[in-house]
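A short worksheet on the structure shown next.
The values are calculated or read from the model by the stated rules, or taken from the named source; none is laboratory data. These numbers were taken from a predicted model, which means no experiment stands behind them. Positions of Cβ are backbone-derived with ideal geometry, glycine not excepted, and every protein chain shown enters the neighbour counts. Quick note on the areas: whole protein, heavy atoms, side chains included, nothing else; ligands and nucleic acids left out. Shrake-Rupley method; radii C 1.70, N 1.55, O 1.52, S 1.80 Å.
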Amino acid sequence: MVGVSVRGISKSFGSASILNGISLDICDGEFLTLLGPSGCGKSTLLRIIAGLEQQDCGTIEVAGIKVDHLRPKLRDVAMVFQSYALYPHLTVSENMALPLRMRRLSAWQRLPVIGALLPNVRSVCTEIKTEVARTAKALGIDHLLSRKPSQLSGGQRQRVAVGRAMVRHPAVFLMDEPLSNLDAKLRVQMRGEIKELHRRLGVTFVYVTHDQTEAMTMSDRVAVMLDGQVAQVASPRQIYACPADRRVAELIGAPKINLLEAAPRGEGLLAIAGSTLAVDNVLDFGDSVTVGIRPESLQFADRAGLNTLTGRLRYVEHVGADLFAYVDVPGSREPLVARLPVELASRLQSDQTLHLRVRCEQALLFSADGRRLSEGDGQVTPLRSYAE
Amino acid sequence: MSQQQVVVDRELWVETGSAEALAGYALVGPALFLILVLFILPAGAVLAIAATDWHLGAKTLSFIGTANFTSLLADRAFRAALFNTAAYVLMVVPSTLVLGLSLALLIESGKSLRAFYRAIHFLPFMTSLAAMAIVWEALLHPTIGLVNQVLAAVGLPTANWLRSETTVLPILAVIGTWQSLGLALVLFLAGLKAIPQELYDAAEIDGADGLLDRLQTVTLPSLAPVSLFVVIVVMLRAFATFDIVQILTKGGPDDASVMLLYALYRESFEYLRTGYGAAIAVIFLVIVIALAAIQTRVVNTRTSRS
């Protein structure tokens with residue numbers, strides 16, 4: 001069953017086109033992340049799903065129901081905002097109760113004094129109170145219920161915002177960069193908590209972030225958005241190992257993937273950075289091809305040879321378990337980054353010559369228009385591994 | 001060697017310490033002098049004069065203690081001034097608040113000409129009320145005034161607005177509101193701009209998407225600090241109303257529009273009873289300081305709570 005279905009959504013603000021015909025099926029109960037650089041339209045898409053923004057064309061379905069002309073409150077979606085958007089004058093419990101009060105009580109029944117005198121109001125209020133208390137307990141914020149948002153830490157506010165979304169049991173959770181206002185340590189912890197929450201509730205989560213670590217660690221699937229279009233939708237592992245095109249490959253992975261221009265030399269050989277790579281003949285390269293090599297796909301080698309790049313070591317960055325070597329190779333302005341075992345540190349000196357063997361089965365080839373070249377289903381590596 | 005060093009250091013410290021203190025006093029000196037001469041000494045002088053029967057220009061005076069204050073309590077004109085001022089404040093403050101907020105919401109919800117509306121509503125605040133009072137006088141003239149002519153044209157009863165005991169104070173309140181409105185409007189507009197859009201979005205998703213619900217859930221609570229500030233400023237200005245009374249009514253008819261500051265002016269500079277006027281000034285000061293103190297307390301508890 002489909003949780004959220006996005007069909008041909010376009011949106012522009014004035015002359016600036018933000019979304020160009022986005023289509024996306026989000027399964028029921030799935031954790032889908034919209035990942036992209038700022039300005040790619042991911043937040044706009046989320047706001048359109050929520051109903052806070054009206055699309056220019058296309059339709060949105062939530063749980064099989066067209067919601068295009070429904071107001072946000074009728075769409076069965078809840079949203080967690082980047083700034084949490086808690087009502088500063090209300091206590092935690094009042095904040096969490098508000099969505100229920102708005103749904104279950106009429107305007108008259110919500111009046112301060114008169115409302116309490118109307119029939120049924122008291123029982124509904126008790127019911128709401130119980131549900132808020134239950135949700136708060138599940139999130140571990142039941143001791144904070146009488147506090148104001150200003151008296152809470154960032155992580156606590158975050159939980160209250162999640163609680164306010166949770167309390168009405170929506171079919172879909174929409175989260176707009178909910179962790180970006182937290183410090184690094186808390187972010188890691190909340191990442192786990194949100195993932196756990198998703199597992200426990202089993203409902204659809206649509207999560208917007210520009211942070212690839214969040215996207216990779218939390219999602220069932222990641223939708224990479226670039227320039228108002230969905231560039232690729234796949235599992236985190238596939239997005240990393242088999243990016244659909246060059247821009248996706250560049251976006252995912254830190255440090256960035258190494259991209260080197262190469263010229264076909266016939267006979268399945270590519271001239272690259274002063275060396276030669278042996279590749280599969282089957283692919284049609286055209287005139288030029290770009291080779292993408294992840295930092296961990298480069299290995300330290302003693303001498304030059306086939307599939308081995310040679311360059312001058314610029315500097316070394318230690319990141320604990322590994323080190324990153326930045327190497328200048330001929331024909332590339334940016335240094336090549338290689339992830340090497342930390343044991344090599346004593347053998348590496350600035351300005352020395354370094355040989356790096358390419359682990360061919362992990363390298364990626366991109367055509368001149370940025371498309372990834374692959375055989376068949378896209379899983380098979382385009383480079384042939386040569387045993388030495 | 002090191003001990004010597006310590007001694008030298010300490011001497012240096014003491015020296016720079018006293019020099020620093022001296023420089024500090026020298027720097028606050030001018031401000032302290034001005035505060036003393038411009039605020040504290042005059043206030044002390046007013047207090048002292050209030051305890052005498054001094055007439056402006058008289059060569060002698062005698063100390064009469066609290067006699068000025070006791071006669072003030074029995075003075076019909078002063079009691080009228082006290083009552084009128086309170087009534088005027090109670091009319092001006094709520095109407096400025098409600099009208100200012102409504103106008104700000106209207107302007108903010110519109111898309112075009114915002115700067116224009118802002119400017120025309122702020123104009124009365126910028127112009128001299130003395131000049132504007134003359135315009136109002138012309139408008140309110142019983143026979144040739146625009147107000148009465150319009151009322152007569154549509155068949156409504158007319159009145160001699162500034163010469164009738166029942167209408168004079170409300171009319172002054174209308175003029176006072178008209179003048180304070182711009183300030184309240186601009187402050188409310190700034191307050192509205194400061195409300196984060198995400199709060200409105202959250203309210204919309206939570207189901208508070210009607211006009212009244214949105215006002216109650218987001219707009220009004222977010223504007224509470226601004227509203228409090230508007231109340232303080234408008235209230236203090238209303239308490240200190242003098243110019244429109246002086247120009248339009250001179251406190252008449254039959255003291256129906258006399259207010260505290262006008263009573264003070266009349267006693268001190270028309271009847272030349274300076275001691276008596278000083279006593280009114282003291283009472284005025286006490287009221288204003290008390291109000292300011294109460295409001296500061298309210299602001300403080302509010303800000304510490306939210």
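Would you check if residue B:138 is in contact (Cβ under 8 Å) with a residue 60 or more places away in the chain, among the aliphatic types (A, V, I, L, M) and open to solvent by 30 Å² or more (accessible area, probe 1.4 Å)? Considered against the rule, which asks whether it is in contact (Cβ under 8 Å) with a residue 60 or more places away in the chain, among the aliphatic types (A, V, I, L, M) and open to solvent by 30 Å² or more (accessible area, probe 1.4 Å), residue B:138 comes out as no. Provide a single number: the residues in segment B:251-288 that are surrounded by 19 or more Cβ atoms within 10 Å (Cβ to Cβ), of a type in the set (Phe, Trp, Tyr) and farther than 16 Å from residue B:85 by Cβ. Within segment B:251-288, residues that are surrounded by 19 or more Cβ atoms within 10 Å (Cβ to Cβ), of a type in the set (Phe, Trp, Tyr) and farther than 16 Å from residue B:85 by Cβ number 1.
Going by the structure shown, is residue A:165 within 21 Å of residue A:4 (Cα to Cα) and either in contact with a Lys or Arg (Cβ under 8 Å, 6 or more places away or on another chain) or among the hydrophobic types (A, V, I, L, M, F, W, C) (or both)? When the stated conditions are applied, residue A:165 passes them. Applying the condition of being open to solvent by less than 60 Å² (accessible area, probe 1.4 Å) and facing chain B (nearest Cβ under 9 Å) to segment A:48-72 and asking which residue is nearest to residue B:199 (Cα to Cα) yields A:52.
Is it the case that segment B:229-242 has a residue that's assigned to a helix (DSSP H, G or I), more than 20 Å from residue B:284 (Cα to Cα) and open to solvent by less than 40 Å² (accessible area, probe 1.4 Å)? For segment B:229-242, residues assigned to a helix (DSSP H, G or I), more than 20 Å from residue B:284 (Cα to Cα) and open to solvent by less than 40 Å² (accessible area, probe 1.4 Å): present. The residues on offer are A:267, A:261, A:214, and the sole one that is under 28 Å from residue A:62 (Cα atoms) and either open to solvent by 10 Å² or more (accessible area, probe 1.4 Å) or within 14 Å of the chain's Cα centre (by Cα) (or both) is A:214. Screening the candidates A:192, A:163 for the property of being touching a helix residue (DSSP H, G or I) at 6+ places or on another chain (Cβ under 9 Å) and surrounded by 18 or more Cβ atoms within 10 Å (Cβ to Cβ) yields one hit, A:163.
Of the residues making up segment A:75-94, those that are within 9 Å of chain B (Cβ to nearest Cβ) and either at positive phi or not in a strand (DSSP E or B) (or both) are A:75, A:81, A:82, A:83, A:84, A:85, A:86, A:87, A:88, A:89, A:90. Restricting segment B:174-201 to residues that are in contact with a Ser or Thr (Cβ under 9 Å, 6 or more places away or on another chain) and within 14 Å of chain A (Cβ to nearest Cβ) leaves a set whose member that is surrounded by the fewest Cβ atoms within 10 Å (Cβ to Cβ) is B:194. Based on this model, can you work out whether residue B:204 counts as modelled with pLDDT of 90 or more, among the acidic types (Asp, Glu) and in a helix (DSSP H, G or I)? The answer is yes for residue B:204. Restricting segment A:95-125 to residues that are within 8 Å of another protein chain (Cβ to nearest Cβ) and of a type in the set (A, V, I, L, M, F, W, C) leaves a set whose member that is farthest from residue A:144 (Cα to Cα) is A:107.
Restricted to segment A:264-324, the set of strands (runs of 3 or more DSSP E) holding at least 3 residues that are in contact (Cβ under 8 Å) with a residue 24 or more places away in the chain and under 30 Å from residue A:369 (Cβ atoms) comprises A:275-278, A:289-293, A:308-318. Restricting to segment A:166-186, name every residue that is closer than 19 Å to residue A:149 by Cα and open to solvent by 60 Å² or more (accessible area, probe 1.4 Å). Within segment A:166-186, A:181, A:183 meet the criteria. Restricted to helices (runs of 4 or more DSSP H) entirely inside segment B:68-183, those with at least 3 residues that are within 17 Å of the chain's Cα centre (by Cα) and assigned by TED's automatic domain parsing to the domain that holds residue B:215 are B:76-109, B:114-126.
Pairs are defined by a Cβ separation below 9 Å, a sequence spacing of at least 6 or placement on different chains, a first member in segment A:32-61 that is closer than 23 Å to residue A:243 by Cβ and in the same structural domain as residue A:220 (by TED's automatic domain parsing), and a second member that is in a helix (DSSP H, G or I) and of a type in the set (Ser, Thr, Tyr); the pairs so defined are A:34/A:43. Checking the conditions here, which among B:61, B:38 is modelled with pLDDT of 90 or more, surrounded by 10 or more Cβ atoms within 10 Å (Cβ to Cβ) and outside the structural domain of residue B:176 (by TED's automatic domain parsing)? The conditions single out B:38.
Take the conditions (1) among the hydrophobic types (A, V, I, L, M, F, W, C); (2) within 14 Å of chain A (Cβ to nearest Cβ); (3) out of contact with any Lys or Arg (no Cβ under 8 Å at 6 or more places or on another chain); residue B:150 misses just one of them, which is (2).
Note on segment B:81-96: residues that are within 20 Å of residue B:187 (Cβ to Cβ), surrounded by 21 or more Cβ atoms within 10 Å (Cβ to Cβ) and of a type outside the set (Val, Ile, Thr) amount to 0. Does residue B:33 qualify as being under 30 Å from the mean Cα position of the chain (by Cα), modelled with pLDDT of 85 or more and open to solvent by 100 Å² or more (accessible area, probe 1.4 Å)? In short, yes.
Taken over segment B:250-306, the criterion of being within 14 Å of chain A (Cβ to nearest Cβ) and not basic (Lys, Arg) is satisfied by B:301, B:303, B:304, B:306.
Being out of contact with any helix residue (DSSP H, G or I) (no Cβ under 9 Å at 6 or more places or on another chain), over 30 Å from residue A:46 (Cα atoms) and at pLDDT 90 or above is a description that does not apply to residue B:234.
Can you name the residue in segment A:320-353 that is open to solvent by less than 60 Å² (accessible area, probe 1.4 Å) and touching a Lys or Arg at 6+ places or on another chain (Cβ under 7 Å) and, of all such residues, is farthest from residue A:263 (Cα to Cα)? So the residue we want is A:322.
Please report, ordered by residue number, the helices (runs of 4 or more DSSP H) entirely within segment A:140-234 with at least 2 residues that are of a type in the set (D, E, K, R).
Answer list for segment A:140-234: A:154-166, A:184-201.
If only residues of segment A:7-25 that are of a type in the set (A, V, I, L, M, F, W, C) and in contact with a Ser or Thr (Cβ under 6 Å, 6 or more places away or on another chain) are counted, the one that is least open to solvent (accessible area, probe 1.4 Å) is A:19. Filtering segment A:139-159 to residues that are touching a Gly at 6+ places or on another chain (Cβ under 8 Å) and either within 14 Å of chain B (Cβ to nearest Cβ) or over 16 Å from residue A:90 (Cβ atoms) (or both) leaves only A:139.
Just name the residue that is least open to solvent (accessible area, probe 1.4 Å) out of those in segment A:26-47 that are within 16 Å of residue A:227 (Cα to Cα) and within 14 Å of chain B (Cβ to nearest Cβ). Restricting to residues being within 16 Å of residue A:227 (Cα to Cα) and within 14 Å of chain B (Cβ to nearest Cβ), the top hit is A:46. Looking only at segment A:91-130, residues that are open to solvent by less than 30 Å² (accessible area, probe 1.4 Å) and touching a residue at least 24 places away in the same chain (Cβ under 8 Å) come to 10 in all.
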